[in-house]
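The structure under discussion appears below in the form of structure tokens.
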Amino acid sequence: MDSNREHFGSRMAAVLALAGSAVGLGNIWRFPYMVGEYGGAIFLIFYLIFTFFLSLPVFYAEAIIGKKGRKGAFGSFSALAPGTNWKLVGVLCIVSCFIITSYYSVVGGWATDYLARSVATGFESLSQSTATSLFSKVSSSVWEPIISHTVFLGLAAIIIKFGIKNGIEKFTKITMPILFVLMILIMFFSLSLDGAKEGVKYMLRPDFSKFSAKTLAFALGQSFFSLSLGMGTVLTYASYMRDEDSIASAGLYTSIFDFSFALISAFVVIPAVFAAGLEPGAGPSLVFESLPYIFSEMGQTSPVLSRCVTIFFFLSVFFAAITSLISMFEVCTAHLVEDRKISRTKASLIIFFSCWLLGILCSLSFGVLEDIKLFGYTIFSLFDTLASNYLMTLGALLFVLFVGWKMDRESAIDQFSMRKSKKREKTFPYFYFVIKYVAPVVIIAIFLSNFIK
Ligand code: PHE
């Protein structure tokens, strides 16, 4: 291990950073509405199966490359396959992270805005229609979302500037436990609401009539997105792990953490939605429109409690989003620092300004630039679709092909179970089989399913 290169102080620190990347808007914002839209329990079952049997092996493949390469995405491929085109996979990761950082920061900005509002005034006496118009104000006016996007991205840039140990590690070590506790508290609260039982039933009783090929494709896509696969974030964080920390256990803990958090988020959102008599399949606006309305309804009986729950909830969304954003930011930063020899401060400023500009376009595409369409998509949805449906799956495919077919098996197993005793994990043959044969086929199938309408 290069002694000048920064690394995480312990395995726990690495797991918390990886979990910080995984647990994000994908869990709190996307997962509950997907459970709502794609059939409740049946979606949940496939999500569980995919996470542990398919996404986890892909996670391992990505982490093995980073831990062996000991550089960011571009540098690791250049080191492991010198003189080949594999380094272009690194370029792909940097481009994907750059694109996602830009639009993710806009949604993170909305969360920041809602957090500020819940602290300043709360959401008392919102009707359902005023909740909807509030969301459209927060997302589609010109200045308000740009300001919140600037604040959110700026905070991420500051954390990144402080580096791995003093920035990412310190921040995720503090925020992740808080986030977990807050969400568990809100879950109990949500489950105690009148009418919440129906929501719990909806999530636990599988309705096989809702099953379709879409359920499978979306459950797998969501599981990849949620574990942050295919974009070099797992690779880059794994490259900062100490030699003696095993990827095998870090990956398992991260998946358990991420899965539990998705489940907790769904148990926060869906029962509350049922309690308020709303539609669980409301789509992406579920968290921003329905929850403030639900919290404000509760405020009529207990205003203080309602205010606290609202603040806790948006604080959780904020923490979850920013710990994911910094992992993508770091993929771009590592490249500028390691391969282009730019100082960390300068690198974070460069990435901040470029993603900021691109993010402004994404933000305006909810308002004044709404009519500008490329391939039928607004700028925001073009970025989202491009990155999560195409670039991420392509990245994941190239990672598993690299580990399964290019790297030798011995190097892979060494990285997988790098413990002091060099004990080789008994589970490796299973994961290796999935990485080499199963994952490529399944990922190609999902990739192609994007083209079938
Ligand atoms: N996993 C994050 C989430 O659930 C999103 C993400 C994807 C972060 C890819 C980094 C890389 O929100």
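Yes/no matrix, rows are residues, columns are (1) open to solvent by 60 Å² or more (accessible area, probe 1.4 Å); (2) within 16 Å of the ligand (Cβ to nearest atom):
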site	(1), (2)
370	yes, no
381	no, no
384	no, yes
388	no, yes
391	no, yes
411	no, no
430	yes, no
key: Selected residue (only one of 131, 111 is over 17 Å from residue 327 (Cα atoms), surrounded by 16 or more Cβ atoms within 10 Å (Cβ to Cβ) and within 16 Å of the ligand (Cβ to nearest atom))   = 111
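Yes/no per residue for (1) over 21 Å from residue 450 (Cβ atoms); (2) without any contact (Cβ under 8 Å) to a residue 40 or more places away in the chain; (3) among the polar types (S, T, N, Q):
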residue	(1), (2), (3)
321	yes, no, no
326	yes, no, no
346	yes, yes, no
349	yes, no, no
391	no, no, no
note = Residue count, segment 201-241, condition part of a helix (DSSP H, G or I) and either within 30 Å of residue 412 (Cα to Cα) or open to solvent by 40 Å² or more (accessible area, probe 1.4 Å) (or both), comes to 26
request  = Being within 16 Å of the ligand (Cβ to nearest atom) and outside any helix (DSSP H, G or I) is the filter; apply it to segment 22-44 and report the residue that is surrounded by the most Cβ atoms within 10 Å (Cβ to Cβ).
outcome  = 23
request  = Inspect all residues belonging to segment 49-60 and state whether any of them is within 16 Å of the ligand (Cβ to nearest atom), outside any helix (DSSP H, G or I) and over 20 Å from residue 175 (Cβ atoms).
outcome  = no
task = Sort out which residues of segment 393-409 are without any contact (Cβ under 8 Å) to a residue 40 or more places away in the chain and either open to solvent by 60 Å² or more (accessible area, probe 1.4 Å) or within 17 Å of residue 228 (Cβ to Cβ) (or both), and write them in order of number.
result = 405, 408, 409
task = Identify, from the list 257, 261, the residue that is in a helix (DSSP H, G or I) and closer than 11 Å to residue 28 by Cα.
result = 261
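The values are calculated or read from the model by the stated rules, or taken from the named source; none is laboratory data. Given the structure is predicted, the values throughout are model-derived calculations rather than measurements. Cβ atoms come from the backbone with ideal geometry, glycine included; neighbour counts cover every protein chain shown. These accessible areas exclude ligands, DNA and RNA; they are computed on the full protein's heavy atoms, side chains included. Shrake-Rupley method; radii C 1.70, N 1.55, O 1.52, S 1.80 Å.
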